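Please read the structure below before turning to the comments.
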Amino acid sequence: MRTELKPKGLEVVTVALDTGGPEACRQYVLDADAQHPSVIDEAHVVDELFGIVNVPNGVWIDEEGMIVRPAEPAWTRTIDYSNVPIPEDTPPERVELIELARGLRIEGDAYVSAIRDWVAKGSASRFALTPDEVIARSHPRSQEIATAAAQFELGQHLHRAGFTEDAVFHFREAHRLHPSNWTYKRQAWSFIDPKQGPTPVYDGNWTDDVKSIGSENYYPAFQP
Amino acid sequence: MILEKLRVSAEEIEQRTGWKIEELQACRGDVCVPISPETCSDSLVDASLLAEQLRMPLVYNEQHRIYSLGPEAGGRALSSAVAPPLVLPDMRGGTFDLRFLLGQKILLVAWASW
């Protein structure tokens, strides 16, 4: 997509939200042979500044530095798992995962078409929102959500400083205060178990938490 | 924003939170909020006074003696559509500054290895 749209005036910047540091994600970038600016955000600053609660998420910024679409799921193509078969000998926990994946909403085609439209038409594109719409569509920020951000940052600061056990209290607080923030949960779970399964350290895990909201709600629908 | 002391330079606050703290007001993008004269003097900000007035949570870890200043509460994650300043290390060991890309359209994509 970048190869097609870069000559038309679009630059792509990827930001890795990885408290594990560059080591955690460098291989992915090398494998992708990234030509665009590729940035590392160990402190999850971008989550807070732009109101990002899950990945992948995209934000559109115009030539003047105005946000014209706030954070929303950003895929390069539509992926439909709804017909993924479940062979008879599949272990039960795997069956559960496949069933969840079947419901995931990955609407990349609509998203990429919207980007193409914006690149071609600029502010006249129906996908480019007004400043008021951008603010209104950005994630809400209650006292609990703001406090969760402070707790998460304290947790990741301690984790990076090597106090991984002391970090857990703050990660748990972030999860309690902002349960719909998947970046807080997935980052912390992955420190204990890369597969984000059940652990004695955290109350939630990917499978159970996604099940509780319904996997069709994990990535919100693309809103023109 | 992680703080070791409650007195912190206005420059550091701006770099991390986007809020530019002046003598009697705090501004970010096109939004300005009045602040009391005690909040900022000689470019040093009293983080607890600022936190109170901007409704920012201030969390303290006693054992490690560090504070964490959260974003302003109430309203939405974006208080303005002006993109906040963003300076982060890039994968090649350099520094990325969002300002250097202005003049073109930008698609900022957040992802993770986990």
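A few comments on the model shown:
- Top-ranked residue of region A:88-135 - restricted to ones that are of a type in the set (Gly, Ala, Ser) and in contact with an Asp or Glu (Cβ under 8 Å, 6 or more places away or on another chain), ranked as surrounded by the most Cβ atoms within 10 Å (Cβ to Cβ): A:ALA128
- A:PRO70 meets the conditions (1) at the interface with chain B (Cβ under 7 Å from one of its Cβ atoms); (2) in contact with a Pro (Cβ under 9 Å, 6 or more places away or on another chain) in every case but one. The failed one is (2).
- Of the candidates A:ARG116, A:ARG126, A:ARG102, the single residue that is in contact (Cβ under 8 Å) with a residue 12 or more places away in the chain, over 21 Å from the mean Cα position of the chain (by Cα), more than 10 Å from chain B (Cβ to nearest Cβ) and not in a loop (DSSP other than H, G, I, E, B) is A:ARG116.
- In region A:37-63, of all residues being in a loop (DSSP other than H, G, I, E, B) and facing another protein chain (nearest Cβ under 7 Å), the one that is nearest to B:ARG76 (Cα to Cα) corresponds to A:GLY51.
- Selected residue (criterion: nearest to A:ASP80 (Cα to Cα)) from residues of region A:129-152 that are in contact with a Gly (Cβ under 7 Å, 6 or more places away or on another chain) and part of a helix (DSSP H, G or I): A:ALA149
- All conditions in (1) crowded, with 20+ Cβ neighbours inside 10 Å; (2) farther than 26 Å from A:GLY214 by Cβ; (3) within 11 Å of chain B (Cβ to nearest Cβ) hold for A:SER138, with the sole exception of (2).
- Residue in region A:137-154 that is touching a residue at least 60 places away in the same chain (Cβ under 8 Å) and out of contact with any helix residue (DSSP H, G or I) (no Cβ under 8 Å at 6 or more places or on another chain) present: yes
- Close pairs from region A:167-178: first more than 10 Å from chain B (Cβ to nearest Cβ) and in a helix (DSSP H, G or I), partner crowded, with 23+ Cβ neighbours inside 10 Å and basic (Lys, Arg), Cβ under 7 Å, at least 6 apart: A:HIS175/A:LYS185
- Single match in B:SER79, B:SER36 (criterion: at pLDDT 95 or above and either among the hydroxyl-bearing types (Ser, Thr, Tyr) or under 26 Å from A:GLY20 (Cα atoms) (or both)): B:SER36
- Scanning region B:27-48 for residues that are in a strand (DSSP E or B) and under 20 Å from B:LYS5 (Cα atoms) turns up B:CYS40, B:SER41, B:LEU44, B:VAL45, B:ASP46.
- A single entry from B:GLU22, B:GLU72 fulfils the requirement of being under 28 Å from A:PRO131 (Cβ atoms) and either within 9 Å of chain A (Cβ to nearest Cβ) or among the small types (Gly, Ala, Ser) (or both): B:GLU72.
- Among (1) of a type outside the set (Val, Ile, Thr); (2) at positive phi; (3) in contact with a strand residue (DSSP E or B) (Cβ under 6 Å, 6 or more places away or on another chain); (4) surrounded by fewer than 19 Cβ atoms within 10 Å (Cβ to Cβ), the one test that A:GLY65 misses: (3)
- Taking the criterion of being at the interface with chain A (Cβ under 7 Å from one of its Cβ atoms) and in contact (Cβ under 8 Å) with a residue 60 or more places away in the chain, the only residue of region B:75-101 that qualifies is B:PRO84.
The values are calculated or read from the model by the stated rules, or taken from the named source; none is laboratory data. Small disclaimer: the values here were computed from a predicted structure and weren't measured. Cβ sites come from the backbone with ideal geometry, for glycine too, and all protein chains shown count toward neighbours.
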